[in-house]
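J.: Take this structure first; my questions come after.
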Amino acid sequence: MVGSGVRKPLKSEVKPATFALESVFVKNQLWQLSNERFIKIGHVGRLLVHYRTVIPTLKRSTSRETFTTMEDLQQLLTANKAVLVVN
(Lines give C-alpha, C1' and ligand atoms only; values in the text may rest on other atoms or scores of the structure.)
Protein backbone atom coordinates (compact mmCIF):
# COMPACT_ATOMS: atom_id res chain seq x y z
CA MET A 1 0.00 0.00 0.00
CA VAL A 2 1.60 3.22 -1.11
CA GLY A 3 1.51 6.16 1.29
CA SER A 4 -0.05 4.30 4.22
CA GLY A 5 1.83 6.45 6.71
CA VAL A 6 3.61 3.53 8.37
CA ARG A 7 7.33 3.49 7.82
CA LYS A 8 9.94 0.99 8.86
CA PRO A 9 12.69 2.31 11.13
CA LEU A 10 16.07 2.67 9.50
CA LYS A 11 18.94 0.67 10.90
CA SER A 12 20.51 3.86 12.22
CA GLU A 13 17.32 4.63 14.20
CA VAL A 14 17.23 1.26 15.99
CA LYS A 15 18.94 1.53 19.37
CA PRO A 16 20.29 -1.51 21.19
CA ALA A 17 18.59 -2.53 24.40
CA THR A 18 20.35 -1.39 27.55
CA PHE A 19 20.25 -3.35 30.77
CA ALA A 20 20.47 -1.60 34.12
CA LEU A 21 20.78 -4.84 36.10
CA GLU A 22 24.08 -5.26 37.87
CA SER A 23 24.84 -8.84 38.69
CA VAL A 24 25.10 -9.44 42.42
CA PHE A 25 25.46 -13.14 41.74
CA VAL A 26 28.80 -14.81 41.15
CA LYS A 27 29.45 -18.41 40.18
CA ASN A 28 29.77 -20.79 43.18
CA GLN A 29 28.08 -18.45 45.70
CA LEU A 30 26.25 -20.29 48.46
CA TRP A 31 23.13 -18.75 50.03
CA GLN A 32 21.45 -20.21 53.11
CA LEU A 33 17.69 -19.84 53.29
CA SER A 34 15.75 -19.60 56.54
CA ASN A 35 14.35 -23.13 56.22
CA GLU A 36 17.66 -25.09 56.23
CA ARG A 37 17.94 -25.11 52.46
CA PHE A 38 20.84 -23.79 50.43
CA ILE A 39 21.00 -22.22 46.99
CA LYS A 40 24.24 -22.62 45.06
CA ILE A 41 24.72 -20.30 42.10
CA GLY A 42 25.91 -22.01 38.93
CA HIS A 43 26.30 -20.07 35.72
CA VAL A 44 25.45 -16.37 35.64
CA GLY A 45 24.43 -14.88 32.33
CA ARG A 46 23.39 -11.43 31.26
CA LEU A 47 19.73 -11.99 32.22
CA LEU A 48 19.44 -15.55 33.57
CA VAL A 49 20.92 -17.35 36.55
CA HIS A 50 21.36 -21.11 36.86
CA TYR A 51 21.15 -22.26 40.47
CA ARG A 52 20.77 -25.45 42.44
CA THR A 53 18.61 -25.89 45.55
CA VAL A 54 20.25 -28.25 48.06
CA ILE A 55 18.59 -29.79 51.13
CA PRO A 56 21.38 -31.26 53.32
CA THR A 57 19.17 -32.37 56.24
CA LEU A 58 17.84 -35.36 54.33
CA LYS A 59 19.70 -38.65 54.54
CA ARG A 60 20.45 -38.47 50.85
CA SER A 61 21.57 -35.44 48.90
CA THR A 62 18.63 -33.81 47.16
CA SER A 63 19.08 -31.01 44.70
CA ARG A 64 17.04 -29.33 42.00
CA GLU A 65 18.47 -27.30 39.15
CA THR A 66 16.63 -24.21 37.95
CA PHE A 67 17.02 -21.31 35.53
CA THR A 68 15.44 -17.98 36.43
CA THR A 69 15.88 -14.26 35.94
CA MET A 70 18.09 -12.28 38.30
CA GLU A 71 15.14 -10.24 39.58
CA ASP A 72 13.13 -13.35 40.45
CA LEU A 73 16.06 -14.91 42.28
CA GLN A 74 16.62 -11.70 44.26
CA GLN A 75 12.95 -11.70 45.27
CA LEU A 76 13.21 -15.36 46.31
CA LEU A 77 16.28 -14.68 48.44
CA THR A 78 14.79 -11.64 50.17
CA ALA A 79 11.47 -13.40 50.80
CA ASN A 80 13.29 -16.31 52.46
CA LYS A 81 15.73 -14.05 54.38
CA ALA A 82 18.74 -15.66 52.75
CA VAL A 83 22.25 -15.17 54.10
CA LEU A 84 25.36 -15.32 51.92
CA VAL A 85 27.55 -18.14 53.29
CA VAL A 86 30.32 -18.42 50.67
CA ASN A 87 31.16 -15.73 48.15
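J.: Mind listing just one residue for me: the one in segment 45-75 that is free of Cβ contacts under 8 Å to residues at least 24 places away in the same chain and either in contact with a Pro (Cβ under 8 Å, 6 or more places away or on another chain) or among the hydrophobic types (A, V, I, L, M, F, W, C) (or both) and, of those, surrounded by the fewest Cβ atoms within 10 Å (Cβ to Cβ)?
T.: Filtering first and then ranking leaves Leu58.
J.: Shifting gears a bit: In segment 53-74, how many are more than 13 Å from Phe25 (Cβ to Cβ) and not β-branched (Val, Ile, Thr)?
T.: 8
J.: Could I ask something else about it? In segment 27-58, which residues are more than 16 Å from the chain's Cα centre (by Cα) and assigned to a strand (DSSP E or B)?
T.: The answer is Gln32, Val54, Ile55.
J.: Okay, next question. Taking the condition of being in contact with a Lys or Arg (Cβ under 9 Å, 6 or more places away or on another chain) and either at pLDDT 85 or above or not hydroxyl-bearing (Ser, Thr, Tyr) (or both), how many residues in segment 51-65 meet it?
T.: Within segment 51-65, residues that are in contact with a Lys or Arg (Cβ under 9 Å, 6 or more places away or on another chain) and either at pLDDT 85 or above or not hydroxyl-bearing (Ser, Thr, Tyr) (or both) number 8.
The values are calculated or read from the model by the stated rules, or taken from the named source; none is laboratory data. The model shown is predicted, which means the values in this text are computed figures rather than measured ones. Here Cβ is always computed from backbone atoms with ideal geometry, including for glycine, and neighbour counts include all displayed protein chains.
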